[in-house]
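**Q** Here it is: the structure, laid out below.
Read-outs: derived from the displayed coordinates by stated rules, not from any lab. Every value quoted in this text rests on a predicted model; they were computed, and no experiment measured them. As a convention, Cβ positions derive from the backbone with ideal geometry for all residues, glycine included, and neighbour counts pool all protein chains shown.
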């Protein structure tokens, strides 16, 4: 079904909204809200009706609902005061009042053309199509497994709120056809193509997957997975999670590099992607640059959820590192996190940001609940597992923290946030008094990110607790020259987010043995 109103076309099957032929960037939840209003345009849609249909019956604040209605109005070019398309009826609900023409959606083949000049414009945020995985053993008829992998990947990647994923029907029009990624990019209006193959030999299966920038033909990522055939659905689930987890950070890196090389004025999304790359270098200078990028993104688009979420997380982590004043900036971080959730309550970035702010405020239960919510929303996200690992470690739940840290590292073994994953596991080992394990992790961590001040402090304490006092004291003397603000016991007690007095005392005990004073 396609609905035409004014200069807009809303295609339900493709989950696309276009204005004068140009793709409009629209969040999935806002798209669902707009569809529900248009589908029910013959009546007033109550708040309860919207909550049941769009939010699945979850409790949502009036401000969050108002934000989504406003976002829908912006998407269709409606003026909030004139309300020519979406009208608010006080105490009754909402109604779509624009003139709408219905027509059957054109099949994807209708957009195919031998004319190489025909192309759909790329949306502002990254866009991707998952092509049907190729069955390399057609005589064995494994196509059901290959198609299952494809469908599960479309579903899993669609959980990434900043990624525009082409719907299944459009993707499957390319099944059993020669792949020309640049032609696909033109026909579907996508930047990235994920493709792969499935091959079976006896009881062994080999799955290949690769991520391609379709506009340039450059491979961004490729991996091969060899598995015992075993339980076919278990293998399918494992491969889906592994591929989806690897794709997300590689897309972020690719988008960050694209923004860095761009000579044009950057969009809000490009500024967020650039900030992501700057931030994870874990130095004060890169943090300052990332905050500048995020501030510019919010100036361009004040209601851009990913910018609020990353700003909230960056400020929370920066307070932990000592790069900003905790008392001044944690409330700001919390406001950005809460705003991100209000704009999109299914975006895991917002919950991770709220979790870090709550952890810095030592609101342990709230912190862990927020981190767990991020994992529930995107179980294949290495970053979400890594953040939960940190929250659990600082609360003293060492075994669970290590479990989630290992999941993060397994899901994305080449992740740019690897130092953060290792940091959570190191904290967990320290709280469990496994000091030699902590030393190994902090040493590896500092090889990756020498300026990571959290890992520096933990390395000092674990060396001292392991009885390597001379080595610990030499290292403390070294890092105190560069640590900003000046490293003291008082600063540690006020700023490092151990959640109980006992855990804080254990950490300070190690630092005192290393020669740190008040």
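**Q** Could you pull out which residues in the stretch 462-497 have an amide N less than 12 Å from a spot 7 Å beyond the Cα of residue 517, following the Cα-Cβ vector?
**A** 489
**Q** Then there is this: With a cut-off of 8 Å between alpha carbons and a minimum separation of six or more residues, what is the relative contact order of the chain in percent?
**A** Numbers: 899 pairs, mean separation 44.8, N = 518.
Result for the chain is 9 percent.
**Q** In nanometres, what is the gap between the two model label sites at residue 470 and residue 509, each 7 Å from Cα along Cα-to-Cβ?
**A** 2.5 nm
**Q** Mind sorting 12, 76 by how few other Cβ atoms lie within 10 Å of their own Cβ, fewest first?
**A** So the residues, fewest neighbours to most, are 12, 76.
**Q** Along its three principal axes, how long is the chain when you only count alpha carbons? Whole Å, largest extent first please.
**A** 77, 65, 44
**Q** When DSSP assigns beta bridges and you keep just the ones with both residues in the chain, what percent turn out antiparallel, to the nearest 5? Show your work: numbers first, answer last.
**A** Values: 38 of 45 bridges.
Within the chain, antiparallel bridges account for around 85 percent of the total.
**Q** Still on this structure: What ranking do 482, 431 get, fewest neighbouring Cβ atoms within 10 angstrom at the top?
**A** 482, 431
**Q** Mind jotting down the three principal axis lengths of the stretch 120-239 based on Cα atoms? Whole angstrom, largest first.
**A** 45, 29, 25 Å, listed from the longest principal axis down.
**Q** How much length would be gained if the chain were fully extended between residue 7 and residue 261, taking 0.36 nm per residue of separation minus their Cα-Cα distance, in nm to one decimal?
**A** 88.0 nm
**Q** Need the full-extension length gain, residue 39 to residue 448, defined as separation in residues times 0.36 nm minus the C-alpha distance. One decimal, nm. Intermediate results must be reported in sequence, preceding the final value.
**A** On the way: separation 409, 0.36 × 409 = 147.24 nm, distance 5.26 nm.
Length gained between residue 39 and residue 448: 142.0 nm.
**Q** Taking 0.36 nm per residue of separation and subtracting the Cα-Cα distance, what length does fully extending residue 180 through residue 84 add?
**A** 30.3 nm
**Q** Taking other Cβ within 10 Å of each residue's Cβ, how do 101, 215 sort, fewest first?
**A** 101, 215
**Q** Mean residue ellipticity at 222 nm from the helices of the chain, using -39,500 (n - 2.57) per DSSP H segment of n ≥ 4 over the full residue count, to the nearest 500 deg cm²/dmol?
**A** Only helices count here, giving -17500 deg cm²/dmol.
**Q** Tell me the label-point distance for the pair residue 19, residue 215, using the 7 Å Cα-to-Cβ offset, in nm and rounded to one decimal.
**A** Reported label-point gap for residue 19 and residue 215 is 2.0 nm.
**Q** If R₀ is 51 angstrom, what is the calculated FRET efficiency for the pair residue 284 and residue 102, using the beta carbon separation as r and rounding to 0.05?
**A** Efficiency, rounded to the nearest 0.05: 0.35.
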